[in-house]
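Notes to accompany the following structure.
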2 protein chains.
Amino acid sequence: MTLGIIFGSKSFEHEISIVSAITMKKVLKNTLEYIFIDQHRDFYHIPASKINSKLFSSGEYKKYDKLQISQGGFFKSSLFGQKKLDIDTILNLTHGGDGEDGVLASLFEFFNIPFIGPRNTACVVSCDKYITKQYASSINVKTLPCEYFHKDDKVSVEKYPVIIKPTKLGSSIGVSIVKSADELDYALDVAFEYDDTIIIEPFINGVKEYNLAGAKIGNNEIQFSIIEEPQKEEFLDFEKKYMDFNRTQQVLKANISDELISQLKDNFIKVYNNTFDGSLIRCDFFVIDDEVYLNEINPIPGSMANYLFDDFNTLINQISKYLPKQKDIKIDYTYVNQIQSAKGK
Amino acid sequence: MTLGIIFGSKSFEHEISIVSAITMKKVLKNTLEYIFIDQHRDFYHIPASKINSKLFSSGEYKKYDKLQISQGGFFKSSLFGQKKLDIDTILNLTHGGDGEDGVLASLFEFFNIPFIGPRNTACVVSCDKYITKQYASSINVKTLPCEYFHKDDKVSVEKYPVIIKPTKLGSSIGVSIVKSADELDYALDVAFEYDDTIIIEPFINGVKEYNLAGAKIGNNEIQFSIIEEPQKEEFLDFEKKYMDFNRTQQVLKANISDELISQLKDNFIKVYNNTFDGSLIRCDFFVIDDEVYLNEINPIPGSMANYLFDDFNTLINQISKYLPKQKDIKIDYTYVNQIQSAKGK
């Protein structure tokens, strides 16, 4: 299977996406075709052998061929017309904007290009932290209570400490812990820099946090990762997460009871089915007084959380066999013909 | 202003969209450029003077120029390269799939094409009837209670009559009223024909129904339509709505109290702000015991509900001046450069 790795794009997580894409070269055995989306949202076909982070920061990527998206795939223009890039399935590695908000999912659907990654509804459900809570409530998964504010609203906080998050965006961008009223204004400025709406949750110091990734690899069969207890100081900010990312991952497999493992998996399954079909996601959970709470859903986790799986390469190939199919829609112009015959009377 | 009318596409409401598009020629004074998306999702540029329903049902549209979507707009290929179609703003008239589920909104966002119509989140919130209820609850707008079922679930109904609706889709497609247990299986078959999930609501015979359309035409300024009390036998099925659509609309302005008018408008504003910025939507409300309930949100109402407005042409021009802007995202490769300098150490 030839896998197309799509990454970059107009996103606050453009650079993380580049690092994720480079990681794939080390962990996947498939033939890889790299499609870089630059900040102007032009597509470039980068040879796998040339992939390194400097290529993008220097602007050198521009010397490679531009691609055009069109029905059925990506195309290169030449004197002799359009030539289709030979790809079986796309792996969507575009974190944040475009990749995780449904824009690219919509493009792939419209142009009928098979892809591994969250579908449009899955994106909207996971990239908007407020809609995530509504979704969780509808599937009987607990989340922390929150207040929701628009940038024009008067924000008031009853009890500190709280954590302030832009409603959209991942990777802790724009997120602050606020311990007292005099820290509030600055934290609001930071959060509203990235989004017009925010949520405010209670901040629970030292809360137990567990990450579990997984993907559907057959009818109702989910392949789970190990459960990770992420290392943290208070919480990992963007920069720390990012720099960590490029090091060899030392994963701490959480030392927890079988009972808790099974609770976490049950919650994962409720979140996944069937909204996240076709994607490999990581759910980040809190555990408070033995109860599991969903913190967030990462529908395209950094470097696809490959380090949490024993055999990541086989997993990706399995997912590609169970991608959701588009509904067949028959258009036969019955009604238009009725109108015409009605007019003829 | 030159308006591009985009319509058709791979959708159960493909034909309604054609009728809406034809209607625009009668009600808009702008220069119109018609872009038809056929069922294979190829774009065609149809001269406004040639627009009629038979052009599409006969397949004759294929003799007109194909278009390619690319950064900044739609392009025509010729021997001398690509020529951009001269359009100021797109009016998204694609009902149902692609148009109202966020696919086209995502395309326009990705390719940086200004458009009148619901943005991606607005689409997901309105096209999924179950998410609509969650959204409504978050903004303190009432909806009827419902049960939610997947096609693999065992469906049970406690009290008849109920109304069964596919979770997605509009225009009453796949919707049935079920009066007793022996009608249930057939109604479920019909609904699951169109969607993998359904909702079941109590059916209230003779419930008062009111439609209100509107759009943002300035900072926090919404232009409302008249309030319509739709004519109905039990409820309008797809065919009836569709045939009605092509007749001259006899609109019944609802004869209701100022108090109720203001309640309906208040509910509309809660629904609209700010999720539906950039679009003209119609909210369909129920009134039960003097309480307003949101039934559904039509983010691209049939023929844009033009018949509910005094001066539809001016309205469309006003909306186009207040389209939401994309966030500016600066990509400066700070982190990638840090990694490179860390490696150099």
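The value obtained for region A:272-345, namely the Cα convex hull volume divided by the number of residues, is 172 Å³ per residue. In a reduced charge model with +1 at each Lys and Arg Cβ and -1 at each Asp and Glu Cβ, region A:147-202 shows a dipole moment near 200 debye about its Cα centre. Other residues within the sphere of radius under 11 Å centred on the Cβ of B:Ala254, judged by their own Cβ, net out at -1 (K and R +1, D and E -1).
If I take every Cα pair under 8 Å that is 6 or more residues apart in region A:147-202, average their sequence separation and divide by the length, what percent do I get for the relative contact order?
In percent, rounded to a whole number, it is 48.
If you build a Gaussian network model of chain B, linking Cα atoms that sit under 10 Å apart, which residue out of B:Ile288, B:Ile269, B:Ile319 swings the most? With Cα springs under 10 Å in chain B, the top fluctuation among B:Ile288, B:Ile269, B:Ile319 is at B:Ile288.
Only Lys, Arg, Asp and Glu carry charge here, each on its Cβ (+1 for the first two, -1 for the last two); on that basis region B:1-99 has a dipole of about 260 debye about its Cα centre.
Ranking B:Tyr130, B:Ile281, A:Ile204 by Cα position along the charge dipole of the protein assembly as shown, where only Lys, Arg, Asp and Glu carry charges on their C-beta atoms, puts B:Ile281 farthest toward the positive end. Taking every C-alpha pair closer than 8 Å and separated by at least 6 residues, the mean separation divided by the residue count of chain A gives a relative contact order of 17 percent. Accessible area per residue for the protein assembly as shown is 44 Å², calculated with a 1.4 Å probe on protein heavy atoms, without ligands, DNA or RNA.
Which of the residue pairs A:Lys327/B:Lys54; A:Lys208/B:Lys327; A:Lys83/B:Lys168 have a Cα-Cα distance greater than 30 Å in the structure shown?
Where the Cα-Cα span goes over 30 Å, the pairs concerned are A:Lys208/B:Lys327; A:Lys83/B:Lys168.
Protein-only accessible surface at a 1.4 angstrom probe places the residues B:Thr275, B:Thr94 in the order B:Thr275, B:Thr94, largest first.
Taking Rh as the Kirkwood radius, which is the inverse of the mean 1/r over Cα pairs, what is the Rg/Rh value for region B:101-213? Rg/Rh: 1.03. Of all DSSP bridge pairs formed entirely within region A:2-117, close to 50 percent run antiparallel. Principal-axis analysis of the Cα atoms of chain A puts helix A:258-272 at an angle of about 40° to the longest axis. Other residues lying with their Cβ under 15 Å from the Cβ of B:Ile227 contribute a combined charge of -4, Lys and Arg counting +1, Asp and Glu -1. Over all other residues within a Cβ to Cβ distance under 11 Å of A:Tyr333, the charged ones net out to 0, with Lys and Arg as +1 and Asp and Glu as -1. The Cα atoms of chain A cover 66, 64, 43 Å along the three principal axes, with the biggest extent listed first.
I need to check one value: relative contact order of region A:83-227, counting alpha carbon pairs closer than 8 Å and at least 6 residues apart, in percent.
On the way: 200 pairs, mean separation 25.8, N = 145.
Computed value for region A:83-227: 18 percent relative contact order.
Mean residue ellipticity, 222 nm, helices only, chain A: the sum of -39500 (n - 2.57) across DSSP H runs of n ≥ 4, divided by residue count and rounded to 500, is -8500 deg cm²/dmol.
Neighbouring Cβ atoms from other chains, within 10 Å of the Cβ of residues in A:3-16, number 3 on average. One quarter of the convex hull surface built on the alpha carbon atoms of the protein assembly as shown amounts to 32.2 nm², the projected area averaged over directions. The alpha-carbon positions of region B:2-117 define a convex hull whose volume is 97 Å³ per residue. Of all DSSP-defined beta bridges confined to the protein assembly as shown, some 80% are antiparallel rather than parallel. For peptide B:326-334, how many partner chain Cβ atoms fall within 10 Å of a residue's Cβ, on average? Average per residue, whole number: 6. In this structure the amide hydrogen of A:Phe111, modeled in the peptide plane, comes within under 5 Å of no amide hydrogen from residues 5 or more places off or on another chain. In a Debye calculation with equal point scatterers on the alpha-carbon sites of region B:93-138 and no solvent, what is log10 I(q)/I(0) at q = 0.17, 0.20 Å⁻¹? Log10 of I(q)/I(0), two decimals: -0.46, -0.60. Dipole check for the protein assembly as shown: with +1 at the C-beta of Lys and Arg, -1 at the C-beta of Asp and Glu, and the Cα centre as origin, the magnitude is about 2900 Debye. Between the helical axis of B:14-27 and the longest alpha-carbon principal axis of chain B there is an angle of about 80 degrees. Debye-formula intensities of region A:1-68, expressed as log10 I(q)/I(0) at q = 0.20 Å⁻¹, are -0.75 (one equal scatterer per alpha-carbon, no solvent).
Here's the picture: charge each Lys and Arg Cβ at +1 and each Asp and Glu Cβ at -1 in the protein assembly as shown, and of A:Phe80, B:Pro230, A:Gln223 the one pushed furthest to the positive end of that dipole is A:Phe80.
Here the peptides B:291-298, B:104-111 are ranked by packing, the mean other Cβ count within 10 Å, and the order with the highest first is B:104-111, B:291-298. Working from the Cα coordinates of region A:147-202, the gyration tensor eigenvalues give, after taking √(5λ), semi-axes of 16, 12, 10 Å in decreasing order. Counting, for every residue in B:69-75, the Cβ atoms of other protein chains within 10 Å of its Cβ and taking the mean gives 2.
For B:His45, the accessible area of its heavy atoms, probed at 1.4 Å with every protein chain present, is near 30 square angstrom.
The values are calculated or read from the model by the stated rules, or taken from the named source; none is laboratory data. None of these values were measured; they are calculated from a predicted model. Glycine gets a Cβ as well: all are built from the backbone with ideal geometry, and neighbour counts include every protein chain shown. Surface accessibility is based on the protein's heavy atoms, side chains included, excluding ligands, DNA and RNA. Shrake-Rupley method; radii C 1.70, N 1.55, O 1.52, S 1.80 Å.
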